[in-house]
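Let me begin by presenting the structure, written as structure tokens, before commenting on it.
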Amino acid sequence: MAIIDCIIWQPQGREVIYAYRYPEQNLSTYTQLVVQESQEAVLFSKGQIMGKFGPGKHTLNTENLPILRNLFGIPFGGKNPFTAEVWFVNKVQTFAIDWSIDRMAIHDIDYNTQLPLVASGQYGLKVIDTEKFLVKFVGTKYKFTQEDMTEQSYGEFCSKAKSLILQFMLNNKIGYKQISAFLDPISENLRNMMQDFWYQLGLELTKFYVTSIEIDDSTPEGQKVREAIAQQASMSITGHTWQQEQMFGTANNAINGVTNGIGNMGSGGTGSLLGGLMAVQMMGTMGRMATAGGNGGIGSGMMQPNYNQPTFNAGGNANAGNTVNNVRDVYCAGCSKKFSTNQAFCPHCGKKYNPCPKCGADNAESSKRCVSCGTSLSVGGAGNICPQCHQPVAPGARFCGNCGTPMGGTNENVCSRCGAELAPNVKFCPVCGNRR
């Protein structure tokens, strides 16, 4: 084989190559070694490092490589051959190395259930210790690319990143709804924790970003979770319940049944038409019940809007609401905003609180029945309302039959509605606004 007199590496293409071994090994003591900017060359022979060379043009002789005399016994001067491997290491800093990890299961505090998560981002690396990088990471390959590096470090990298992300979320009590606001501190925390991992391989982690943490929908379970979250968000925005959505679906199926039945009448297909007509008749009955007010049955429960919507909370009770000492939040019948039942008037629009004697929901003054449970609101129909437990009290009763709270009775200086003491000259109760 011919003796090489000049060694140079000029990368071609867009592939990111971190280390490249020159294919020829027969060199001479006057071989010219050309090292480009942002490169470093390392010579190996008989398992030993003969020398390192930075950018520039170098002559391989015993003056630059004193170890040649010890390894080969080459006398000074003369074009004497020897065998060695020349490695070029690319020391350019890279920024856009993509990473992603999946199957991160965490018990989320927002939805109080197990969520499968997937995280992705980018990081940047730079070779800072050429010898350590070649010995510990590159090995015997003739070319070491960015793809080789990510594949070789994937297992340990993913294990560390997954553990650190989940620990950060749990320690700081961050749920899925707020996770996007904490991507920057998560990125900084992971960069500091994983710096030592790359340093042991002769690399410096210059940049590290977590760009997204989302629901892992690569599995059927993850797809169901994503659909459930989207459905819950949709219902929160539009203000309808799961029962109402099922009712709307039934109505759509009924209309499709009528259409299909009419289209199939010519071919004798009366089954779809009969089912569609029965469904339409059922929906019409429910609509009339809701319009007329009903008696608190299925029509009034499904067709009427539900102002006491369930909400997700970490305690797991969807219908508990905000209740402290029988005080809870209700929706104003005037502006539809929340306020507490211990307030006589809505703090947003000033409407007087007109509670239902059964469920406590706010109603318009002209309402005949409660918009939430359908209880009659006609004058004299429910008697007084207990100010403590909001249960109906028979007219004339001096104490609530449910909790024993005094109702004022015939005392003219006590409100007949809420039991508050009244000054002799006031005409309306200052607590509930009831006329004296």
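The values are calculated or read from the model by the stated rules, or taken from the named source; none is laboratory data. Not measured: the values here are computed from a predicted model. Using ideal geometry, Cβ is built from the backbone for each residue, glycine included, and neighbour counts are taken over all protein chains shown.
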Is it true that residue 130 is within 15 Å of the chain's Cα centre (by Cα) and among the β-branched types (Val, Ile, Thr)?
no
Quick one: what pairs do we get from region 183-201, first residue modelled with pLDDT of 90 or more, second hydroxyl-bearing (Ser, Thr, Tyr) and crowded, with 16+ Cβ neighbours inside 10 Å, C-beta under 7 Å, 6+ apart or different chains?
187/209
When you scan region 2-43 for strands (runs of 3 or more DSSP E) that lie fully inside it, which ones turn up with 2 or more residues that are more than 26 Å from residue 147 (Cβ to Cβ) and touching a residue at least 12 places away in the same chain (Cβ under 8 Å)?
4-8, 26-35
Kindly indicate which of 79, 52 is assigned to a strand (DSSP E or B) and either at pLDDT below 80 or within 29 Å of residue 126 (Cβ to Cβ) (or both).
52
Lone unmet requirement of (1) at pLDDT below 90; (2) outside any helix (DSSP H, G or I); (3) more than 30 Å from residue 39 (Cα to Cα) for residue 118:
(1)
Scanning region 353-377 residue by residue, those loosely packed, with under 14 Cβ neighbours inside 10 Å and in contact (Cβ under 8 Å) with a residue 12 or more places away in the chain turn out to be 364, 365, 368
Taking the options 412, 421, name whichever one is among the acidic types (Asp, Glu), at pLDDT 70 or above and out of contact with any His (no Cβ under 9 Å at 6 or more places or on another chain).
421
Could you tell me which residue of region 305-354 is modelled with the lowest pLDDT, considering only residues that are within 34 Å of the chain's Cα centre (by Cα) and outside any loop (DSSP other than H, G, I, E, B)?
324
The one condition in (1) under 23 Å from residue 103 (Cβ atoms); (2) surrounded by fewer than 12 Cβ atoms within 10 Å (Cβ to Cβ); (3) without any contact (Cβ under 8 Å) to a residue 60 or more places away in the chain that residue 157 fails to fulfil:
(2)
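This table checks each residue for (1) crowded, with 16+ Cβ neighbours inside 10 Å; (2) aliphatic (A, V, I, L, M).
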residue	(1), (2)
119	yes, yes
125	yes, yes
135	no, yes
142	no, no
147	no, no
168	yes, no
171	no, no
Mind listing just one residue for me: the one in region 8-32 that is within 20 Å of residue 47 (Cα to Cα) and not hydroxyl-bearing (Ser, Thr, Tyr) and, of those, surrounded by the fewest Cβ atoms within 10 Å (Cβ to Cβ)?
23
Let me spell it out: the conditions are (1) in a loop (DSSP other than H, G, I, E, B); (2) modelled with pLDDT of 90 or more; (3) not acidic (Asp, Glu), and residue 111 meets all of them except one. Which number is the exception?
(2)
Residue check, residue 98 under 23 Å from residue 172 (Cβ atoms), not assigned by TED's automatic domain parsing to the domain that holds residue 54 and not in a helix (DSSP H, G or I):
no
